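Q: One structure coming up, written as structure tokens, with questions to follow.
The values are calculated or read from the model by the stated rules, or taken from the named source; none is laboratory data. Fair warning: this is a prediction, and the values are worked out from it, not measured in the lab. All Cβ positions, glycine included, derive from the backbone under ideal geometry; neighbour counts span all protein chains shown.
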Amino acid sequence: MKILGIETSCDETAAAVVEDGVKILSNQIASQVELHARYGGIVPEVASRQHILAIIPIIEQAMSEAEATWDDLDGIAVTIGPGLAGSLLVGVNVAKAIALAHGLPITGVNHLEGHIYANWLTNSTPRFPLVCIIVSGGHSDLVLMRGNGDYVVLGRTRDDAAGEAFDKAARILGLGYPGGPAIQEAARNGNASSIQLPRAWLKGTSDFSFSGVKTALLRLVEGGKVLSKADGAASFQEAVIDVLVTKTIAVAKEHRVKQILLAGGVASNELLREWLVKNSSIPVRFPEPVLCTDNAAMIAACGYFRFKAGKVDGLDLDVIPSLRLG
């Protein structure tokens, strides 16, 4: 079964063709990073206009790379949320137009669920039950997955998500945008022990909070106590990852899962991967970096399992910008 995936939830215009939920035949991404870098963050109106310009060429490139015709496809999977309303509408409306024109079934995919299914695009199939930590610019969620489409959210961020915290910390330190890669690169030459930053453990819960550590960094910078950007980046990165890793492993042990999955843009952080693997007695798996950031292959993979479960939507499918998982 070949599925065309379409992803336009934020600032990447992406299309991909995936076979049987596990084999990538094509995966095309048009990034808007350079366009938004001058503003230090994403401008929603600019993002949606850029999607309009990019989406048809990107879909054509994905179909060409996959050497597929419309008759070769078995369905279309498209992100319906969470995300920016204007951006989501571009992808959903184009997906519905293609579905109508070619008589193809369509299914709406939760963007966070898509991130989880990026782990199915690796060399082996994940084993249930499992715990997945989804870490991105807008989310830090701990999810128990007992089967395909079966989720229980065990913890989520109460304020800044991990990726958002990295963006803000990078701005505070003058490292540029996007913050995650900038923090990681600067931290390579820093001493994480040089600056003491707090951890919000929120004892008794599996929730996260990163606004406090961000504010603590800001106060230290304003007070002239951070003399090296590299040290500030290393200390901040370690403070965030310490909490992510500790809570993820604790939840995985509590629920006696067979695997821990990493997902989302921050899942490409090298220190996060290293610490999880090093400190967990439970096997850890994660996608390659290009499948951690927003892409359409993960949406197509998730769509395959939705179609297999009989989850087909009508042409009245609409976007849900605040869509949640579980």
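Q: Output the residues belonging to the stretch 83-119 that are without any contact (Cβ under 8 Å) to a residue 12 or more places away in the chain and closer than 17 Å to M1 by Cα.
A: G103
Q: State whether the residues of the stretch 158-181 include one that is assigned to a strand (DSSP E or B), in the same structural domain as V243 (by TED's automatic domain parsing) and not charged (D, E, K, R).
A: Residues of the stretch 158-181 assigned to a strand (DSSP E or B): none.
For the stretch 158-181, residues assigned to a strand (DSSP E or B), in the same structural domain as V243 (by TED's automatic domain parsing) and not charged (D, E, K, R): absent.
Q: Do you know which residues across the stretch 251-293 are loosely packed, with under 14 Cβ neighbours inside 10 Å and among the small types (G, A, S)?
A: The answer is S281, and nothing else.
Q: Within the stretch 58-75, is there a residue that is outside the structural domain of P178 (by TED's automatic domain parsing), over 25 Å from I116 (Cα atoms), touching a strand residue (DSSP E or B) at 6+ places or on another chain (Cβ under 7 Å) and not in a helix (DSSP H, G or I)?
A: Scanning the stretch 58-75, I find at least one residue that is outside the structural domain of P178 (by TED's automatic domain parsing), over 25 Å from I116 (Cα atoms), touching a strand residue (DSSP E or B) at 6+ places or on another chain (Cβ under 7 Å) and not in a helix (DSSP H, G or I), so the answer is yes.
Q: Then there's this: Looking at the stretch 287-296, can you tell me whether even one residue there is under 12 Å from N110 (Cβ atoms) and either in contact with a strand residue (DSSP E or B) (Cβ under 8 Å, 6 or more places away or on another chain) or not assigned by TED's automatic domain parsing to the domain that holds G21 (or both)? Give the derivation first.
A: Quick first cut of the stretch 287-296, residues under 12 Å from N110 (Cβ atoms) only: none.
Looking through the stretch 287-296, none of the residues is under 12 Å from N110 (Cβ atoms) and either in contact with a strand residue (DSSP E or B) (Cβ under 8 Å, 6 or more places away or on another chain) or not assigned by TED's automatic domain parsing to the domain that holds G21 (or both).
Q: What is the one condition in (1) in contact with a strand residue (DSSP E or B) (Cβ under 7 Å, 6 or more places away or on another chain); (2) surrounded by fewer than 15 Cβ atoms within 10 Å (Cβ to Cβ); (3) of a type outside the set (D, E, K, R) that I55 does not satisfy?
A: (2)
Q: Which residue, of L25, L84, L112, L121, is in contact with a Cys (Cβ under 9 Å, 6 or more places away or on another chain) and surrounded by 19 or more Cβ atoms within 10 Å (Cβ to Cβ)? Step through it out loud before you land on a result.
A: Numbers: L25 fails: in contact with a Cys (Cβ under 9 Å, 6 or more places away or on another chain); L112 fails: in contact with a Cys (Cβ under 9 Å, 6 or more places away or on another chain); L121 fails: in contact with a Cys (Cβ under 9 Å, 6 or more places away or on another chain).
Selected residue: L84, the only one of L25, L84, L112, L121 that is in contact with a Cys (Cβ under 9 Å, 6 or more places away or on another chain) and surrounded by 19 or more Cβ atoms within 10 Å (Cβ to Cβ).
Q: I'm checking my understanding of the structure. Among residues of the stretch 200-250 that are among the aromatic types (F, W, Y) and in a loop (DSSP other than H, G, I, E, B), which one is nearest to S280 (Cα to Cα)? Walk me through it before giving the result.
A: We begin by selecting, within the stretch 200-250, every residue among the aromatic types (F, W, Y); these are 201, 208, 210, 236.
Subset that is in a loop (DSSP other than H, G, I, E, B): 201, 210.
Values: W201: 19, F210: 23 Å.
Of everything passing the filter in the stretch 200-250, W201 is nearest to S280 (Cα to Cα).
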